[in-house]
Amino acid sequence: MSTTTATASPPATINATPPRQRGYWGNVGYRLRYDPVTLLFGTVLLLIILCAIFAPLIAPFDPYQESIIRRLKPPGYRGHILGTDELGRDVLSRILYGGRITLTMGILPVMVATLIGGGLGVLAGFAGGLINALIMRVMDVFYAFPSVLLAVAISGAMGGGAVNGMIALSLVFIPPLCRVAETATTQVRNLDFVDAAKATGAPLRLVLWHHVLGNVLGPVLIYASSLVSVSIILASGLSFLGLGVTPPEPDWGLMLNALRQAIYVSPLVAAMPGIAILITSISMNMVSDGLRSAMDVRS
């Protein structure tokens with residue numbers, strides 16, 4: 001009786017590719033890539049910024065050229081896509097040029113306030129004690145006044161103008177950004193990995209840069225991005241009140257002030273600067289919300 005020996009075949013090799021490991025910012029970019037709402041409003045915001053940057057190439061007319069015979073013409077009149085203002089200037093050209101000033105006054109104060117307020121908040125949160133009390137009590141003084149009233153008061157005291165308006169807005173946004181940075185730093189400084197870094201004898205600047213600032217930067221950036229739309233509205237409000245950009249420079253708030261008397265004559269033309277402010281503010285808020293969701297580590 002013959003016996004056959006079954007030879008076991010070697011197991012098939014499974015070519016399994018391990019999933020690619022992403023860092024924190026890689027995961028943020030991955031989440032943003034699959035967020036259609038944020039991508040849509042981010043595209044709108046990017047187009048607004050590009051139109052403002054390339055306004056000299058896009059604008060169909062000179063934004064400063066006046067014509068009495070073309071005053072308050074409706075949209076579509078002889079190539080004026082959005083009509084003309086009270087001095088016969090092309091509204092579309094002035095909105096494009098005005099976006100440069102309005103966006104600058106909206107973004108630059110937030111950037112300055114993030115650097116100063118964020119730095120003071122990290123210092124107060126990490127040092128604690130007397131330094132924390134001194135910095136935060138000074139910030140509390142600014143909280144006694146509403147942001148709009150404080151911006152108007154500072155800008156009015158400094159004499160108005162675009163530069164003084166940006167300084168006023170920067171001073172208004174420093175306290176809330178400082179508080180956010182201080183709260184986040186206070187939560188991080190007592191965590192185990194910070195104590196372990198200190199125990200190994202790591203220099204203080206490295207502990208702050210790699211362990212503290214890396215974990216505080218996310219909440220501060222999220223909050224700062226939400227302040228950009230507020231800054232745009234406040235900057236337009238200062239110009240509307242005559243405390244920001246001065247004529248004949250194109251600015252959305254200043255254009256609203258100049259066209260408000262023509263709202264019964266040409267309401268669509270008078271509403272154009274307000275529509276530009278509305279679209280920009282909504283787009284910035286939606287992008288900020290998407291960024292907040294993407295940077296949420298719990299998701």
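Are any of the residues in the stretch 256-276 assigned to a helix (DSSP H, G or I), of a type in the set (D, E, K, R), surrounded by fewer than 18 Cβ atoms within 10 Å (Cβ to Cβ) and in contact with a helix residue (DSSP H, G or I) (Cβ under 9 Å, 6 or more places away or on another chain)? Looking through the stretch 256-276, at least one residue is assigned to a helix (DSSP H, G or I), of a type in the set (D, E, K, R), surrounded by fewer than 18 Cβ atoms within 10 Å (Cβ to Cβ) and in contact with a helix residue (DSSP H, G or I) (Cβ under 9 Å, 6 or more places away or on another chain). Taking every residue in the stretch 92-104 that is closer than 18 Å to Lys73 by Cα and pairing it with any residue that is open to solvent by 10 Å² or more (accessible area, probe 1.4 Å), at least 6 positions away or on another chain, the pairs with Cβ-Cβ distances below 6 Å are Leu92/Ile81; Leu92/Leu82; Ser93/Ala59; Ser93/Phe61; Ile95/Ala276. Which residues, counting only those in the stretch 112-132, are without any contact (Cβ under 8 Å) to a residue 24 or more places away in the chain and of a type in the set (A, V, I, L, M)? If the condition is that a residue be without any contact (Cβ under 8 Å) to a residue 24 or more places away in the chain and of a type in the set (A, V, I, L, M), then Leu115, Leu123, Ala127, Leu130, Ile131 are the ones that fit. Annotation: of all residues in the stretch 125-145 being at pLDDT below 90 and buried (at least 19 other Cβ atoms within 10 Å of the Cβ), the one that is nearest to the chain's Cα centre (by Cα) is Gly125.
Every test in (1) out of contact with any Leu (no Cβ under 8 Å at 6 or more places or on another chain); (2) modelled with pLDDT of 85 or more; (3) closer than 19 Å to Gly117 by Cα; (4) open to solvent by 10 Å² or more (accessible area, probe 1.4 Å) is passed by Met166 save one, and that test is (1).
Scanning the stretch 180-212 for residues that are within 30 Å of Leu108 (Cα to Cα) and either modelled with pLDDT of 75 or more or among the hydroxyl-bearing types (Ser, Thr, Tyr) (or both) yields Val180, Ala181, Glu182, Thr183, Ala184, Thr185, Thr186, Gln187, Val188, Arg189.
How many residues are surrounded by fewer than 18 Cβ atoms within 10 Å (Cβ to Cβ) and touching a residue at least 60 places away in the same chain (Cβ under 8 Å) if we restrict to the stretch 52-67? Number of matching residues: 1. Taken over the stretch 17-40, the criterion of being modelled with pLDDT of 75 or more and part of a loop (DSSP other than H, G, I, E, B) is satisfied by Tyr34, Asp35. Among the residues of the stretch 79-100, which ones are assigned to a helix (DSSP H, G or I), over 15 Å from the mean Cα position of the chain (by Cα) and either β-branched (Val, Ile, Thr) or surrounded by fewer than 20 Cβ atoms within 10 Å (Cβ to Cβ) (or both)? Answer for the stretch 79-100, where residues must be assigned to a helix (DSSP H, G or I), over 15 Å from the mean Cα position of the chain (by Cα) and either β-branched (Val, Ile, Thr) or surrounded by fewer than 20 Cβ atoms within 10 Å (Cβ to Cβ) (or both): Val91, Ile95. Go through the residues of the stretch 68-78 one by one and say whether even a single one is in contact (Cβ under 8 Å) with a residue 12 or more places away in the chain and open to solvent by less than 20 Å² (accessible area, probe 1.4 Å). There is no residue in the stretch 68-78 that is in contact (Cβ under 8 Å) with a residue 12 or more places away in the chain and open to solvent by less than 20 Å² (accessible area, probe 1.4 Å).
Which one is nearest to the chain's Cα centre (by Cα) among residues in the stretch 237-278 that are over 24 Å from Pro74 (Cα atoms) and of a type in the set (Gly, Ala, Ser)?
By that ranking, first place goes to Gly237.
The values are calculated or read from the model by the stated rules, or taken from the named source; none is laboratory data. This one's a predicted model, so the numbers in the text were calculated from it and none came from an experiment. Because the Cβ atoms are built from the backbone with ideal geometry, glycine has one as well, and the counts that use them run over all protein chains shown. With ligands, DNA and RNA removed, areas are computed over all heavy atoms of the protein, side chains included. Shrake-Rupley method; radii C 1.70, N 1.55, O 1.52, S 1.80 Å.
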